[in-house]
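A short write-up of the structure that comes next.
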Amino acid sequence: MAWSLGANSNSPPFAPAIGANAISTMQAAFLIGILAAAGALTQGGSISETVGENLILETTITPLAATTGLLVAASFMAFGVYTGYPVPAAFATTGAMVGVGLSLGGDPAFDTYQRLGTFWLLVPPTSGGMAFLTATLLRRDDIPETVSVPLLAAIVAGILAHIRLGVIPNPERPQGSVAELVSHTLGSPTLLGIDLSVIAITIGFAGIAFQYIRRKVHVSAEQGIRTFLLGLGGIVAFSSGGSQVGLATGPLEELYGIELGLPGTALLAIGATGILIGAWMGAPRLLQATSREYAQLGVRRSIAALVPGFVIAQTAIALGIPISFNNIIISGVIGGGLAAGTAGVSRRKIAVTITFWVLTLTSSIVIGFGLYRLFSTLLGIE
């Protein structure tokens, strides 16, 4: 399952950079593996908990149920890798685990489904809209690139100061951010209820990124923009690992984490290893499909496609919501492409992909339900 995630859902973050000829396909696949694995280790815990414990009520996921759910989801995504159509990993895994959970006799967790469904429905218009607006602003002649591009870099860096990482302790939750760590360490004063040290760290991160990219753009506009695009792709790849690994480790949480006492970091390490190998072996095919077929993007529209991807992914991680990274990035790619007109966007490819997403969610529930019933009957398990 983790191999399929590395090959499938962690591929899109570098697709805009490849489409803009800022990096080769094989170089992108190598970096995706390293960065996504690091994100999986440091940010994957919240998604893993949601998938493993909050999708079905009044039942315990058995080893056979977890095996069945992972088999169904991984099969969907392996199909996507070899057909060239990015499969939404969150839809496949969520549907499969709901299906096997219902087959076990569990009750639907309607509150969780409502929360997930609302977030998922908001992703395409939010990602596409943010990308469209960002691409439009980057194309304006009255805003110099020595201002617009460094400003975007500053916004991204400011958010980085607040992303939650498992390697940073926090007294209130398992993951903490750099800004929170400084605040707790220094015990700085507040102004109108706002921690001054948090503001200082945020401004510091933003200022460093602004100055660095500004210098690059001053020397060479194209080279500076490509530098920011590659850095942004790396940050998004890191975020994708954190948001996706829980789809592989979540079904094992209750069995190995609760019953056998295996540390959560051990499960995340197993998932991170699978993501790393999958990215190196299977990512190039999906990278080509995503970067070339959805829109012919330049570096500016590519940046516009990645910025919302980073913001939405980190929001989902903070809320513990499993998401489809393909959904986020592809929506951003389309929104960035539309900023220059519809000529660079394949409408047929978009329509087929959306249809495939809907079918993935519904059919994974049905297949998960039926396959568990078949396996349990064959094995004589009640």
* Only one of Leu104, Leu160 that is more than 30 Å from Gln223 (Cα to Cα) and surrounded by fewer than 23 Cβ atoms within 10 Å (Cβ to Cβ) -> Leu104
* Restricting the search to segment 1-46, which residues are farther than 26 Å from Ala135 by Cβ and of a type in the set (Val, Ile, Thr)? -> Ile34, Thr42
* Asked: Any residue at all in segment 360-378 that is within 19 Å of the chain's Cα centre (by Cα), in contact (Cβ under 8 Å) with a residue 12 or more places away in the chain and under 22 Å from Ser48 (Cα atoms)?
  -> yes
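Have a look at Val149, Val156, Val167, Val182 and point out the one that is in contact with a helix residue (DSSP H, G or I) (Cβ under 7 Å, 6 or more places away or on another chain) and either among the aromatic types (Phe, Trp, Tyr) or under 30 Å from Ala66 (Cα atoms) (or both). Talk me through it step by step, then tell me what you get.
Numbers: Val149 fails: either among the aromatic types (Phe, Trp, Tyr) or under 30 Å from Ala66 (Cα atoms) (or both); Val156 fails: either among the aromatic types (Phe, Trp, Tyr) or under 30 Å from Ala66 (Cα atoms) (or both); Val182 fails: either among the aromatic types (Phe, Trp, Tyr) or under 30 Å from Ala66 (Cα atoms) (or both).
Result: Val167 is the single residue among Val149, Val156, Val167, Val182 that is in contact with a helix residue (DSSP H, G or I) (Cβ under 7 Å, 6 or more places away or on another chain) and either among the aromatic types (Phe, Trp, Tyr) or under 30 Å from Ala66 (Cα atoms) (or both).
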* Asked: If you go through segment 116-133 one residue at a time, how many are free of Cβ contacts under 8 Å to residues at least 60 places away in the same chain and either among the β-branched types (Val, Ile, Thr) or surrounded by 21 or more Cβ atoms within 10 Å (Cβ to Cβ) (or both)?
  -> 1
* Does Val87 meet the test of being part of a loop (DSSP other than H, G, I, E, B) and among the hydrophobic types (A, V, I, L, M, F, W, C)? -> yes
* To do: Have a look at Thr62, Thr126 and point out the one that is polar (S, T, N, Q) and at pLDDT 90 or above.
  => Thr126
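Just wondering, is there one or more residues in segment 175-182 that are part of a strand (DSSP E or B) and at pLDDT 80 or above?
So the first thing to find is which residues in segment 175-182 are part of a strand (DSSP E or B), and the list is 176.
Next cut, at pLDDT 80 or above only: 176.
Among the residues of segment 175-182, at least one is part of a strand (DSSP E or B) and at pLDDT 80 or above, which makes the answer yes.
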* Neighbours by Cβ (under 9 Å, 6+ apart or cross-chain): first from segment 323-340, in contact (Cβ under 8 Å) with a residue 40 or more places away in the chain; second crowded, with 24+ Cβ neighbours inside 10 Å and among the aromatic types (Phe, Trp, Tyr) -> Ser324/Phe91; Asn327/Phe91; Ile330/Tyr294; Val333/Tyr294; Ile334/Tyr294; Gly337/Tyr294
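So is Gly193 farther than 17 Å from Pro308 by Cα, crowded, with 17+ Cβ neighbours inside 10 Å and modelled with pLDDT under 85 or not? First the steps, then the outcome.
Details: farther than 17 Å from Pro308 by Cα: yes; crowded, with 17+ Cβ neighbours inside 10 Å: no; modelled with pLDDT under 85: yes.
The answer is no for Gly193.
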* Asked: In segment 134-146, how many are surrounded by fewer than 19 Cβ atoms within 10 Å (Cβ to Cβ), assigned to a helix (DSSP H, G or I) and touching a residue at least 60 places away in the same chain (Cβ under 8 Å)?
  -> 3
* To do: Could you identify the single residue in Thr315, Thr355 that is loosely packed, with under 13 Cβ neighbours inside 10 Å, modelled with pLDDT of 80 or more and of a type in the set (S, T, N, Q)?
  => Thr355
* Are there any pairs with C-beta distances below 8 angstrom linking a residue in segment 7-29 that is under 18 Å from Val307 (Cβ atoms) to a residue that is in a loop (DSSP other than H, G, I, E, B) and modelled with pLDDT of 80 or more, with the two at least 6 apart or on different chains, and if so which? -> Phe14/Ile23; Ala17/Ile23; Ile18/Ser24
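Table: residues versus (1) part of a helix (DSSP H, G or I); (2) under 18 Å from Thr265 (Cβ atoms).
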{"position": "Ala29", "(1), (2)": "yes, no"}
{"position": "Ile32", "(1), (2)": "yes, no"}
{"position": "Ala40", "(1), (2)": "yes, yes"}
{"position": "Ser48", "(1), (2)": "yes, yes"}
{"position": "Gly52", "(1), (2)": "yes, yes"}
{"position": "Ile61", "(1), (2)": "no, no"}
{"position": "Leu64", "(1), (2)": "yes, no"}
{"position": "Leu71", "(1), (2)": "yes, no"}
{"position": "Ala74", "(1), (2)": "yes, no"}
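The values are calculated or read from the model by the stated rules, or taken from the named source; none is laboratory data. Just so you know, these numbers come straight off a predicted model, no measurement behind them. No Cβ is skipped: glycine too gets one built from the backbone with ideal geometry, and neighbour counts run over all protein chains shown.
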